[in-house]
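The values are calculated or read from the model by the stated rules, or taken from the named source; none is laboratory data. Quick caveat: nothing in here was measured; it's all calculated off a predicted structure. With ideal geometry, Cβ positions are generated from the backbone for all residues, glycine too; neighbour counts draw on all protein chains shown.
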Amino acid sequence: MSTPANKPASADVWTVRRILEWTTGFLKQKGVESPRLEAELLLAHARQCQRIRLYTDIDDELSEAERTQMRESVQRRARREPLAYIIGTREFYGRSFEVGKGVLIPRPETEILVDACLEHIPREEPRHIAEVGFGSGCIAVTIARQRPRCSVMATDLSPRAMEIATLNVQKLNVADRVTLMAGDVLEPLLDGGVQFDGLISNPPYIREDEREALQPEVAQHEPPEALFAGHDGLDIVRRIAADAPKILKPGGFILLELDPAQCETVSALLQESGFKSTAIRRDLSGTSRIVEGIL
Ligand SMILES: C[S@@+](CC[C@H](N)C(=O)[O-])C[C@H]1O[C@@H](n2cnc3c(N)ncnc32)[C@H](O)[C@@H]1O
């Protein structure tokens with residue numbers, strides 16, 4: 001809807017331009033890191049258009065419904081609720097995943113974990129992969145989409161994760177090859193009789209005493225069970241390391257995303273559990289991020 005030529009763009013008219021400027025200033029005041037980008041994403045969501053359209057429609061006046069939606073979204077973001085929860089989706093590996101309160105928002109670092117896993121999986125050969133802690137389903141779904149003959153069995157304790165990951169598995173058409181199982185760490189897979197080629201996990205690994213140092217978006221809005229794992233952050237990793245050899249084929253691989261400070265310790269843990277070789281992989285900034293083991 002364009003502003004009629006005879007209607008002056010006054011301070012009372014909420015055009016795209018004006019609301020972007022106002023929202024950017026407001027979010028900046030509230031400590032949001034990329035206020036202009038986020039203002040654009042919130043407005044594109046309210047107008048149900050692509051971000052680029054805001055610039056072709058820069059002098060359009062917002063409808064009442066768009067203004068109401070924008071007001072609510074901006075208030076939520078000002079309370080430091082993550083943008084992804086407000087707009088309901090997050091890009092991961094070039095695909096749009098549904099996200100929502102109660103489920104960890106996929107992080108760009110985790111794409112590197114997925115890349116490391118794909119290196120182990122030939123494109124045209126069948127492979128069975130296990131995952132602990134599927135969350136939104138971003139890892140399991142991406143592996144299945146990138147490797148059409150691969151199947152993934154993934155566990156998570158959270159009912160909300162089950163709800164959202166189920167949506168993503170269906171939306172991204174991998175329900176025939178991704179099985180989501182409710183359960184604790186590897187328990188649902190221990191008696192299933194399947195021997196896996198690889199096990200992947202981005203487990204909860206933050207130490208309890210790091211809670212205070214986290215951004216409000218994370219500490220106040222993301223699910224604690226997806227973040228924290230005891231006094232040293234390794235409660236879940238220890239259980240994965242202990243049980244992994246029971247479900248992996250000889251020569252099978254494990255890949256774990258961790259805090260850089262945990263990588264050496266976890267490498268040693270895997271060796272104690274029977275992994276013959278281990279290696280630490282770095283992310284694009286050169287920081288240790290992933291521990292890999294071969295059984
Ligand atoms: C860091 S999140 C990772 C989510 C997703 N895989 C990703 O990379 O975005 C960890 C996940 O592990 C799940 N989790 C925590 N404790 C668990 C347990 N004991 N057994 C299975 N899953 C668990 C959480 O619910 C959460 O979804």
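Considering (1) among the hydrophobic types (A, V, I, L, M, F, W, C); (2) in a helix (DSSP H, G or I); (3) in contact (Cβ under 8 Å) with a residue 24 or more places away in the chain; (4) within 11 Å of the ligand (Cβ to nearest atom), say which one Met162 fails and leave the rest.
Every condition holds for Met162 apart from (3).
Against the definition (within 14 Å of the ligand (Cβ to nearest atom) and in contact with an Asp or Glu (Cβ under 8 Å, 6 or more places away or on another chain)), how does Ala154 come out, yes or no?
It is true that Ala154 is within 14 Å of the ligand (Cβ to nearest atom) and in contact with an Asp or Glu (Cβ under 8 Å, 6 or more places away or on another chain).
If we keep just the residues of region 67-94 that are in contact with a Ser or Thr (Cβ under 8 Å, 6 or more places away or on another chain) and within 13 Å of the ligand (Cβ to nearest atom), which is nearest to Ser34 (Cα to Cα)?
Among residues in region 67-94 that are in contact with a Ser or Thr (Cβ under 8 Å, 6 or more places away or on another chain) and within 13 Å of the ligand (Cβ to nearest atom), the one nearest to Ser34 (Cα to Cα) is Arg90.
Which residues, taken from region 165-177, are part of a helix (DSSP H, G or I) and within 15 Å of the ligand (Cβ to nearest atom)?
Listed by number, the residues that qualify are Ala165, Thr166, Leu167, Asn168, Val169.
Sort out which residues of region 59-102 are of a type in the set (A, V, I, L, M) and exposed (fewer than 13 other Cβ atoms within 10 Å of the Cβ), and write them in order of number. Walk me through it before giving the result.
We begin by selecting, within region 59-102, every residue of a type in the set (A, V, I, L, M); these are 62, 65, 70, 74, 78, 83-84, 86-87, 99.
Ala65, the sole residue that qualifies.
Among (1) within 15 Å of the ligand (Cβ to nearest atom); (2) at negative phi; (3) in contact with a helix residue (DSSP H, G or I) (Cβ under 8 Å, 6 or more places away or on another chain), there is one condition Gln195 misses while meeting the rest; what is its number?
Single failed check for Gln195: (1).
Kindly provide the set of residues from region 253-291 that are of a type in the set (S, T, N, Q), within 16 Å of Arg207 (Cα to Cα) and within 21 Å of the chain's Cα centre (by Cα), ordered by number. Outline the logic, then answer.
Residues of region 253-291 of a type in the set (S, T, N, Q): 262, 265, 267, 271, 273, 277-278, 285, 287-288.
Adding the requirement that they be within 16 Å of Arg207 (Cα to Cα) leaves 262, 265.
If the condition is that a residue be of a type in the set (S, T, N, Q), within 16 Å of Arg207 (Cα to Cα) and within 21 Å of the chain's Cα centre (by Cα), then Gln262 is the only one that fits.
From the list Val74, Val99, exactly one residue is assigned by TED's automatic domain parsing to the domain that holds Pro203 and either within 17 Å of Thr15 (Cα to Cα) or in contact with a helix residue (DSSP H, G or I) (Cβ under 6 Å, 6 or more places away or on another chain) (or both). Which is it? Walk me through how you get there before you give the answer.
Working: Val74 fails: assigned by TED's automatic domain parsing to the domain that holds Pro203.
The match here is Val99.
Considering only region 45-142, give the helices (runs of 4 or more DSSP H) lying wholly within it that have at least 1 residues that are without any contact (Cβ under 8 Å) to a residue 12 or more places away in the chain and not small (Gly, Ala, Ser). Let's see the steps before the verdict.
Details: elements: 53-56, 64-78, 83-87, 109-119.
Those helices (runs of 4 or more DSSP H) span 53-56, 64-78, 109-119.
As an exercise: evaluate Pro188 against (1) within 13 Å of the ligand (Cβ to nearest atom); (2) in a loop (DSSP other than H, G, I, E, B); (3) more than 21 Å from the chain's Cα centre (by Cα) and give the number of the one condition it does not meet.
For Pro188, the exception is condition (2).
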